[in-house]
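Step one of this worksheet: look at the structure below.
Throughout, read-outs are computed from the coordinates displayed, never taken from laboratory work. None of these values were measured; they are calculated from a predicted model. Neighbour counts run over all protein chains shown; Cβ positions are idealised from the backbone, glycine included.
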Amino acid sequence: MRSSPGNMERIAICLMVIFLGTMAHKSSSQRQDRFMIRMSQLIDIVDRLKNYVNDLDPAILPAPEDVKEHCEHSAFACFQEAKLKSANTGGNEKIISILIKQLKRKLPPSNTDKRKKHRQTCHSCDSYEKKPPREFLERMKSLLQKMIHQHLS
Amino acid sequence: MLKLSLPLRSFFLLQLPLLGVGLNSTVLKPSGNEDSTAVSFSTSETPGSLNISTLPLPEVQCFVFNGEYMNCTWNSSSEPQPTNLTLRYGYKNSDNYKVQECGHYLFSKELTSGCWLQENEIRLYETFVVRLQDPREPRRQMEQKLKLQNLVIPWAPENLTLRNLSESQLELSWKNRYALDRCLQHLVQYRSDWDSSWTNPWLFITKAVLIPVGSMGLIISLFFVYCWLERMPRIPTLKNLEDLVTEYHGNFSAWSGVSKGLAESLQPDYSERLCHVSEIPPKGEAQEGPGGSSCNQPYRASPCYTLKSKT
């Protein structure tokens, strides 16, 4: 049997081109705000984790606060490296582990990364005050808000 | 700007509450956990006795108005005796901070009831330490730590403009006075004369997303159903058989509804490729094949051709 005329193929190709064109336009406009989008997502994740704070391991963790100028990314790395984990009680282990995993994703580049030379004078993670999970998450959120403000300024 | 589809005849009462922030002070009352922590310092010479030095000091509430100035106030009437309490403040940075006294007190009934700080004294993302003290009893003091970034009250949006785009579309636009416009989120609600309450924002968002997505899904589904039906011609009923002769004059394609192209594509193709195969001559025998080919060739490729049957 021979195939039918290629009208269907032409229609499908046109729809695909329109769809790809829409996606390309959307992705190019979002590329500039990838950092902002990620920061907003991280704040949302921290807020969601705060709902499960009673199901987190109560061990104290390094929680930077009032960090020196230009040390925000270094301090945020300390938050990401902290051993925040579920207490394996309450039945929320899966969602907690997913949220914690999302917190540890690498940040997109920011316009404030140009000041990398100052990172050598930043404190090490162990030097920061250690706090239980509730305070840890509060301080993480504060740092995220500060980084967003710096990015927009 | 925001484009909405709204009935024209309704009178729209638009409300623009800022997401999470409002002018209602009860919304922004600092909680003990998130925005402020308070520590009281007071001592008493005789344990258990009622001494003025043991009386707690009122809590200080601070709000940053649009990032332009900050007011830190306390309830001065809560004191048993009229007292001009003093306020000192500072910013915690790297484990140390310097406190300085308020340079612009606010008064209520000739008593200090607050402190006004100007824009260059406000640092939103550093821990703000405020210390309230009774000057007559230096041991009676209270220290609070505040997160100013959570205590900002932007001014309300201005110049709300409605533009009639079409019979069923309105465009809303407004201006913000906050320095960092991108830091603000807005929630738009509307209602008509017939609605008893403001629109549910989540319902509005759901409609704004689900309806276009659902419509696209329906269109795509209909497209695939059309494609499928196009390849499945309808079976003509026998009672219309006489129409084949009277109305369509024997034109089967038009009577059945099957397009000519589809009818041709359903015709069987009996064409077949035929290839001649010649036997490899035995070794040593010199024979010339048709066309004068060389004796040294062990195999002669013959052209293939297509035999097409006439239908």
**Complete:** Quick note on A:Phe35, A:Phe79, ordering by fewest other C-beta atoms within 10 Å, gives A:Phe35, A:Phe79
**Amide hydrogen neighbours beyond the local backbone of B:Val152, cut-off 5 Å, H modeled** = B:Val64
**Item:** Peptide-level mean, for B:180-186, of C-beta atoms on other protein chains within 10 Å
**Value:** 2
**Prompt:** If the cut-off is a Cα-Cα distance under 12 Å, which aspartates and glutamates reach A:Lys94, setting aside same-chain residues fewer than 8 apart in sequence?
**Reply:** A:Asp55
**Message:** Please give me the summed charge of the neighbours of A:Ile96: other residues whose Cβ is under 9 Å from its Cβ, Lys and Arg +1, Asp and Glu -1.
**Reply:** 0
**Request:** Of the listed pairs A:Lys101/B:Lys147; A:Lys101/B:Lys92; A:Lys83/B:Lys98; A:Lys68/A:Lys141, which have alpha-carbon separations greater than 23 Å here?
**Result:** A:Lys101/B:Lys147; A:Lys101/B:Lys92; A:Lys83/B:Lys98
**Complete:** Cross-link reach from B:Lys175 to aspartates and glutamates, straight Cα distance under 18 Å and at least 8 residues apart if same chain, gives B:Glu68, B:Glu158
**Request:** Would you mind ranking B:His249, A:His73 by Cβ crowding within 10 Å, fewest neighbours first?
**Result:** B:His249, A:His73
**Fill in**
Scoring only Lys, Arg, Asp and Glu (+1, +1, -1, -1) among other residues with Cβ under 12 Å from the Cβ of B:Tyr89 yields +2
**Request:** Rank these for me by crowding, B:Trp74, B:Trp194, going from fewest to most other beta carbons within 10 Å.
**Result:** B:Trp194, B:Trp74
**Item:** Peptide A:59-67 - average C-beta neighbours from other chains (10 Å radius)
**Value:** 2
**Complete:** Among A:Ser97, A:Gln80, A:Ile43, the residue whose Cα sits farthest towards the positive end of the charge dipole of region A:39-100, when +1 is placed on the Cβ of each Lys and Arg and -1 on the Cβ of each Asp and Glu, is A:Ser97
**Message:** Run through region B:93-158 and list the GluC sites (Glu not before Pro) located in a DSSP loop whose Cβ has at most 10 other Cβ atoms within 10 Å.
**Reply:** B:Glu110
